[in-house]
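Notes follow the structure.
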Amino acid sequence: MTALRQQRLPPTAAPVVIAGAGAAGLSCALAAAGHGQPVILLEQAASAGGTVSQALIHTLGGLLDDQGNLLYDGLPTALLARLSKACPYTQKRRIGKTWVVNVDPAIYTKVVSDWLAATTLIQVYYHSRIEQILHDEGRIHQVRFQTPAGSRSVTLSALVDTTGHAAIVRQVDESRVQAGRALSGMIVQIRGVEANTLQFPKGVALLRDLRAASAQQQLPAECATVWLDSGVYTDEVYAKFTLQGDHQPSASWQAIGAQLLAYLQTRPGFAQAYLAAIGHTGIRDGGRIKGEYCLSETDIRSGQRFTDATCKACWPIEHWHPEQGLQLEYLPAGHTYEIPLRSLKVAGFSNLWAAGKCLSAEPRAQASARVVGTCWAMGEALGTYLAGKQL
């Protein structure tokens, strides 16, 4: 990437505070600490991993180009190496015109949590959240955060929102956040399934039957859009539901999963199946910051290049439109575009940033840039920059 033109000061003892230990937060913390910058990483959940861990994402998009080759050096490549070492079933997989990396979400959680624990200069606080943010004249000076051991205040060099829904930027100034515009998802993990049960054309026929059963009220209404995907292990299936942003299920997801399982157990290959895990709601667009630059759909289509580029990306425009459903547009073969640093910087602030799903972007641009691999690359670039290094 081209070097940033802005003058950078060397890192100081004041830490970078990062809220959210998902893809962008992890890589931002690891990159900054790797360049000698102290980091405080805050996560409300009990472990790191963000949407991958909590929503049971088992296909990592954005790490590979349209030929199945690694798109990035650095931390995304190191992540894949660690995942492959931890689980030999980690492998790349072609879906349509894209390539993803199949992973076990539990393995991903352990790998990234261990990685953080082994990295000096990163203080990780789980079950923690920011309570107060002190700022004036466009600069964040101090935050107070709550941990299981009590409250702590810290003077910082920069504050980074990697919550995925711009929660921290909202605390500073609600007007600096654009409302999200995409359908959400829910995933249920099923194990004990016979191998090749979803192999074509059996999987297509099963989906057709599931939709018919939902229409006849033999299954909950939530099953009307469910689709089934194979997992990392041969006995594993993921049931994926599509939800409106404010969707309230007709019953608890435990009950919905149980009803779906009971139906599947009557079908070939599912007699010994059981519910292994139920994820949290996966928010695809929980809100985007108003940054110094708004990444546009035109930028993506034209393969735009920037002097302050953080990373390149090539994932399709995968927009889960709130009213029209999935709108998938593949980019031309070999096509990439870049994401500028200005899209990660909150307009009007000198040291308030956001990386990952809540970057400054149009809805359809965010729908391409929000995937895991791109968020890892985006976060790494920002962490490197905040540590006083050129990109």
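The values are calculated or read from the model by the stated rules, or taken from the named source; none is laboratory data. This one's a predicted model, so the numbers in the text were calculated from it and none came from an experiment. Backbone-built Cβ (ideal geometry, glycine too); neighbour counts: all protein chains shown. Accessible surface is based on the protein model in full, side chains and every heavy atom, while ligands, DNA and RNA are left aside. Shrake-Rupley method; radii C 1.70, N 1.55, O 1.52, S 1.80 Å.
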HN-Hα J in Hz across the range 22-35 - Karplus 6.51, -1.76, 1.60, θ = phi - 60°, x for Gly and Pro: x, 3, 5, x, 4, 5, 4, 5, 5, 5, 4, 5, x, 9
Kirkwood-Stokes translational diffusion coefficient of the range 242-391, alpha-carbon pairs, 37 °C, 0.692 mPa s, µm²/s: 186
Mind listing the phi-derived Karplus ³J(HN,Hα) values for the range 134-139, rounded to whole Hz, using 6.51, -1.76 and 1.60 with θ = phi - 60°, and x for any glycine or proline? 9, 8, 7, 6, x, 9
Can you give the FRET efficiency for A46 and L134, using 1/(1 + (r/R0)^6), R0 = 30 Å, r = Cβ-Cβ distance, to the nearest 0.05? 0.60
Rounded to the nearest 10 Å², what accessible area does R129 have for a 1.4 Å probe in the complete protein model? 120
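Measure off, as a whole percent, the carbon and sulfur share of the 1.4 Å-probe accessible area of the range 245-321, all protein chains present. Can you show the working numbers first?
Numbers: 1740 of 3510 Å².
Using a 1.4 Å probe with all protein chains present, the range 245-321 comes out at 50 percent carbon and sulfur.
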Would you tell me the accessible area of C294, worked out with a 1.4 angstrom probe on the heavy atoms of the protein chains, in Å² to the nearest 10? 60
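On the protein heavy atoms, probe 1.4 angstrom, tell me the percent of accessible surface of the range 1-126 carried by carbon and sulfur. Before the final figure, lay out the partial values.
On the way: 2990 of 5390 Å².
Exposed carbon and sulfur together represent 55 percent of the surface.
In percent, how large is the relative contact order of the range 14-83, given Cα pairs closer than 8 Å and 6 or more residues apart? The partial results should precede the final answer.
Details: 64 pairs, mean separation 19.4, N = 70.
Computed over the range 14-83, the figure is 28 percent.
Rolling a 1.4 angstrom probe over the protein heavy atoms, how many square angstrom per residue are accessible across the range 1-130? Intermediate values should be presented prior to the final figure.
Values: 5630 Å² over 130 residues.
Per residue, the range 1-130 has 43 Å² of solvent-accessible surface.
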Rounded to the nearest 10 Å², the 1.4 Å probe accessible area of E338 is 20
Can you give me the Kirkwood hydrodynamic radius for the range 94-205, using every pair of distinct Cα atoms, in Å to one decimal? 18.9
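Quick one, can you get me the convex hull of the C-alpha atoms of the range 140-288 expressed as volume per residue in Å³?
Details: hull volume 24.0 nm³, N = 149.
That works out to 161 Å³ per residue.
Percent of alpha carbon pairs in the range 199-286 separated by more than 19 Å? Don't jump to the answer; show the numbers that get you there.
Working: 1458 of 3828 pairs.
Counting every Cα pair in the range 199-286, those more than 19 Å apart make up 38 percent.
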Please compute the net charge surrounding S296, taking Lys and Arg as +1 and Asp and Glu as -1 over other residues with Cβ under 11 Å from its Cβ. -1
How large are Rg and Dmax for the chain when only the alpha carbon atoms are used, in Å? 20.9, 65
Please list, short to long, the whole-number percent of alpha-carbon pairs of the range 1-157 in consecutive 5 angstrom bins beginning at zero. 2, 8, 16, 18, 18, 14, 11, 8, 4, 1, 0
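Report the rotationally averaged projected area of the range 178-225 based on its alpha-carbon convex hull, in square nanometres. Can you show the working numbers first?
Numbers: hull surface 20.5 nm².
For the range 178-225, the mean projected area of the Cα convex hull comes to 5.1 nm².
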Just from its helices, what would the mean residue ellipticity at 222 nm be for the chain, if runs of 4 or more DSSP H residues each count -39500 (n - 2.57) and the sum is divided by every residue, rounded to the nearest 500 deg cm²/dmol? -7500 deg cm²/dmol
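Of the listed pairs K110/K345; K97/K202; K202/K312; K92/K290; K85/K389, which have alpha-carbon separations greater than 28 Å here? Mind showing how you got there, number by number?
Values: K110/K345 30 Å; K97/K202 22 Å; K202/K312 38 Å; K92/K290 35 Å; K85/K389 30 Å.
Beyond 28 Å between Cα atoms: K110/K345; K202/K312; K92/K290; K85/K389.
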In nm, the gap between the two label points placed 7 Å beyond Cα toward Cβ at D209 and R191 is 2.5
Mean 1/r over all different Cα pairs, inverted: what Kirkwood radius does the range 337-391 give, in Å? 11.5
Sorted by chain and number, the residues with a modelled amide H under 5 Å from that of Y293, at a separation of 5 or more or across chains, are S343, K345
Once phi is turned into ³J(HN,Hα) by the Karplus curve 6.51 cos²θ - 1.76 cosθ + 1.60 with θ = phi - 60°, what whole-Hz value does each residue of the range 280-290 show in order, with x for glycine and proline? 7, 4, x, 8, 7, 9, x, x, 10, 5, 8
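Give me the extension gain from T77 to I107: residue separation times 0.36 nm, minus the current Cα-Cα distance, reported in nm with one decimal.
Values: separation 30, 0.36 × 30 = 10.80 nm, distance 1.64 nm.
This chain segment gains 9.2 nm when fully extended.
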5 Å is the cut-off here: which amide hydrogens, built 1.01 Å from N in the peptide plane, fall below it relative to R284, excluding neighbours closer than 5 in sequence? G185
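Taking only protein heavy atoms and a 1.4 Å probe, what accessible area per residue, in Å², does the range 256-391 have with all protein chains in place? Each step should come with its number before you reach the end.
On the way: 4660 Å² over 136 residues.
I get 34 Å² per residue for this part.
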